[in-house]
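Peer 1: Structure incoming, see below.
The values are calculated or read from the model by the stated rules, or taken from the named source; none is laboratory data. Bear in mind the structure is a predicted one, so any value in this text is a computation, not a measurement. All Cβ positions, even for glycine, are placed from backbone atoms using ideal geometry, and neighbour counts span all protein chains on display. Keep in mind that these areas ignore ligands, DNA and RNA; they rest on the heavy atoms of the full protein, side chains included. Shrake-Rupley method; radii C 1.70, N 1.55, O 1.52, S 1.80 Å.
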Amino acid sequence: MKTTTLCQWKCFSVEEEGQTLPDGRVIRFTTVKHPGAVIIIPVTESGDLVLVNQYRPAIKQWILEFPAGTLEYSEQIEVCAHRELAEETQLAAKSWVNLGQLLPVPGFCDEVQHIFLAKDLQTTHGELDDDEIIEVTTMSIEKFESLIANNTIQDAKTIATYMKAKLAGLL
């Protein structure tokens, strides 16, 4: 069925297309097309978590979150994870664990977030994107959980990624 691009911005687009639903009905549906993203939980040798305090213009506020970023055109997922960790935290990791994927907003967006836990950290150099303002912070798991409980950490991808790592017995 015909697809119409309604809007194109950087690496995102909004597209409308005809779809046949499982019950046989045909509808027009609008989807935000997204190339995918990575989220990384960096864990220090002492077991602390590395987060970024990042200013997010869309909500006009700073938020605490795990380092994350959008896949570039035809970029391999693991390459993106290494790049984003370096860009946002100035860290590289020798040990990586793939924690699977998240679907952040499947009601209207096809984005898949690929999540990783990174250990054996060392200092490296990375360049922030032009629109990023980031402060790197490290905290204990207890402090992190208290910030979720008191609503200081509200970022859904950060909370979901943490839960996947915790349930896997990695934290």
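Peer 1: Mind counting the residues in the range 34-55 that are in a strand (DSSP E or B) and open to solvent by 60 Å² or more (accessible area, probe 1.4 Å)?
Peer 2: Looking only at that region, the number is 1.
Peer 1: Collect the residues in the range 14-26 that are open to solvent by less than 50 Å² (accessible area, probe 1.4 Å) and either closer than 30 Å to Leu91 by Cβ or not small (Gly, Ala, Ser) (or both), keeping them in residue-number order.
Peer 2: Val14, Glu15, Glu17, Leu21 - these are the residues of the range 14-26 that are open to solvent by less than 50 Å² (accessible area, probe 1.4 Å) and either closer than 30 Å to Leu91 by Cβ or not small (Gly, Ala, Ser) (or both).
Peer 1: Among the residues of the range 44-61, write down those that are in contact (Cβ under 8 Å) with a residue 60 or more places away in the chain and within 16 Å of the chain's Cα centre (by Cα).
Peer 2: Leu49, Val50, Leu51, Val52, Asn53, Gln54, Tyr55
Peer 1: All but one of (1) surrounded by fewer than 16 Cβ atoms within 10 Å (Cβ to Cβ); (2) more than 18 Å from Asp129 (Cα to Cα) hold for Cys11, so report the exception by its number.
Peer 2: (2)
Peer 1: Tell me the residue from Leu121, Leu117 that is in contact (Cβ under 8 Å) with a residue 60 or more places away in the chain, in a strand (DSSP E or B) and within 22 Å of Ala156 (Cα to Cα), please.
Peer 2: The unique qualifying residue is Leu117.
Peer 1: If you check every pair at least six apart or on different chains, which have Cβ atoms under 7 Å apart with a residue in the range 1-12 that is closer than 17 Å to Phe29 by Cα first and a residue that is open to solvent by less than 100 Å² (accessible area, probe 1.4 Å) and part of a loop (DSSP other than H, G, I, E, B) second?
Peer 2: Close Cβ pairs satisfying both conditions: Phe12/His34.
Peer 1: Shifting gears a bit: Do you know which of the residues in the range 81-111 that are outside any loop (DSSP other than H, G, I, E, B) and of a type in the set (Val, Ile, Thr) is most open to solvent (accessible area, probe 1.4 Å)?
Peer 2: Filtering the range 81-111 for residues that are outside any loop (DSSP other than H, G, I, E, B) and of a type in the set (Val, Ile, Thr), the one most open to solvent (accessible area, probe 1.4 Å) comes out as Val97.
Peer 1: Let me ask something additional. Within the range 56-71, which residues are crowded, with 18+ Cβ neighbours inside 10 Å and either charged (D, E, K, R) or more than 23 Å from Leu102 (Cα to Cα) (or both)?
Peer 2: Glu65 - this is the single residue of the range 56-71 that is crowded, with 18+ Cβ neighbours inside 10 Å and either charged (D, E, K, R) or more than 23 Å from Leu102 (Cα to Cα) (or both).
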